[in-house]
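This report concerns only the one structure given below.
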Amino acid sequence: MKIRLSNDAGIVKESKVGISWTVFFFGFFVPFIRGDMKWGIILLLGALVLGVPTAGLGSAALFIVFAFLYNKIYINDLLKKGFKPATEVDSNILKEKFQS
């Protein structure tokens, strides 16, 4: 399920709600491609710190955990930056999925 968020300048960002399969498979590249430098650097450093001493198993575990968290983090960061649901449907999805 996807939602669209827009800001006052007319920029529209689209994101899936739920598990981020792209983070699961591609790790820290996803935030960089989305322009989310903060989380891209955090994931890159985490992958290096956890992956080097464990021959990559630590970074794989990190990407599995972040696959369940990243889309929610990304949407919350966009909302903090002033983005709002583009339509009423998007608003309802946000209310349904982000009640907690």
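Laboratory data are not the source of any read-out in this text; all were calculated from the coordinates shown. None of the values given here were measured: they were computed from a predicted structure. Every residue, glycine as well, gets a Cβ built from its backbone with ideal geometry; the counts of neighbours run over all protein chains shown.
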Cβ-Cβ distance below 7 Å, separation of 6 or more or different chains: which pairs start in the range 69-87 with a residue that is part of a helix (DSSP H, G or I) and end on one that is basic (Lys, Arg)? Asn71/Lys16; Tyr74/Arg34; Leu78/Lys13
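Out of the residues in the range 42-53 that are assigned to a helix (DSSP H, G or I) and without any contact (Cβ under 8 Å) to a residue 12 or more places away in the chain, which is surrounded by the fewest Cβ atoms within 10 Å (Cβ to Cβ)?
Across the range 42-53, the extreme among qualifying residues is Leu45.
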